[in-house]
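The values are calculated or read from the model by the stated rules, or taken from the named source; none is laboratory data. Because the structure is predicted, anything quoted here is derived from the model rather than measured. No Cβ is skipped: glycine too gets one built from the backbone with ideal geometry, and neighbour counts run over all protein chains shown. SASA here: full protein model, heavy atoms, side chains in, ligands and nucleic acids out. Shrake-Rupley method; radii C 1.70, N 1.55, O 1.52, S 1.80 Å.
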Amino acid sequence: ALTEIPNANVTWHSDIAALFHKHCIACHRAGGVAPFPLNRYEDVEGWAETIREAVANRRMPPWYASADEISFSNDFGLGEQERSVIAKWVNDGSPRGDASDDDYSPPPSSNWQIASEPNQIHSMSSSPVEIAPEGRQGYRFFLMNPDWKSNLLVKGIEIRPGNRRLVAQAAVFVIPT
C-alpha cells in the first residue's frame, strides 16, 4: 500500500495536473498511444480509482528500466512521494481545487513528441499486423535494421503506431551486431 501524505490538501490544480503532465500525457493525450487522455480534470475525474490502482501496482507509468547503475534523463517513472500524492488525492475524492493554482504549462502541440521533425523515420513492419478482434493480445516482436553505416548518437525515439487505438505500450531494444 502507498504511504499517505498526512493533512495535505491535494487537488488537481495544485498538485495532480503537474504530475500528470510530467509523467503521463506523452502517451495519455489526444492522438496518443494510450486509450484516453489525462490532460484536463474532465478527462481524469471518471478514472481516478483506476489511476490509483494502476499507479499503486506500478503498471503506470510503464517504466521498467533499472536505475541501479545508471540514471536516465527521460525517466518518466513516479517516485514514492508522487505515488503517495496521487493516492491521497483519490482517497480524498479527487478534488478539483482552484484553477489559479495551476503550476504547469501544457506542452506545445506538435505532430512529433521528440522533435519538430526527426532526422530519420524507420518502419517496424512492411505489412499490416493482424490483431485479434477480442481478448488479450500477446507481445509482438519486430527486428529492424536501420542500416547505419557509421556510429550515431540517438537522442530520442518515438513509436507511432498505425492504429493508436490498438497499441497500448511498446518497448525498444538495441541489439549490438
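Annotations
- Of the listed requirements (1) more than 18 Å from the chain's Cα centre (by Cα); (2) at pLDDT below 80, Pro95 misses just one: (2).
A quick yes/no check of all residues on (1) in a helix (DSSP H, G or I); (2) among the basic types (Lys, Arg); (3) in contact (Cβ under 8 Å) with a residue 60 or more places away in the chain:
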site: Ser14; (1), (2), (3): yes, no, yes
site: Arg29; (1), (2), (3): no, yes, no
site: Gly32; (1), (2), (3): no, no, yes
site: Pro37; (1), (2), (3): no, no, no
site: Glu45; (1), (2), (3): yes, no, no
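- Segment 139-154: number of residues that are surrounded by 10 or more Cβ atoms within 10 Å (Cβ to Cβ) and closer than 29 Å to Phe36 by Cα: 2
- Residue that is part of a helix (DSSP H, G or I), touching a His at 6+ places or on another chain (Cβ under 9 Å), modelled with pLDDT under 85 and open to solvent by 60 Å² or more (accessible area, probe 1.4 Å), where the choices are Ser100, Ser105: Ser100
- Taken together, the residues in segment 34-60 that are within 21 Å of Ser14 (Cβ to Cβ) and either open to solvent by less than 40 Å² (accessible area, probe 1.4 Å) or in contact with a Cys (Cβ under 7 Å, 6 or more places away or on another chain) (or both) amount to 7.
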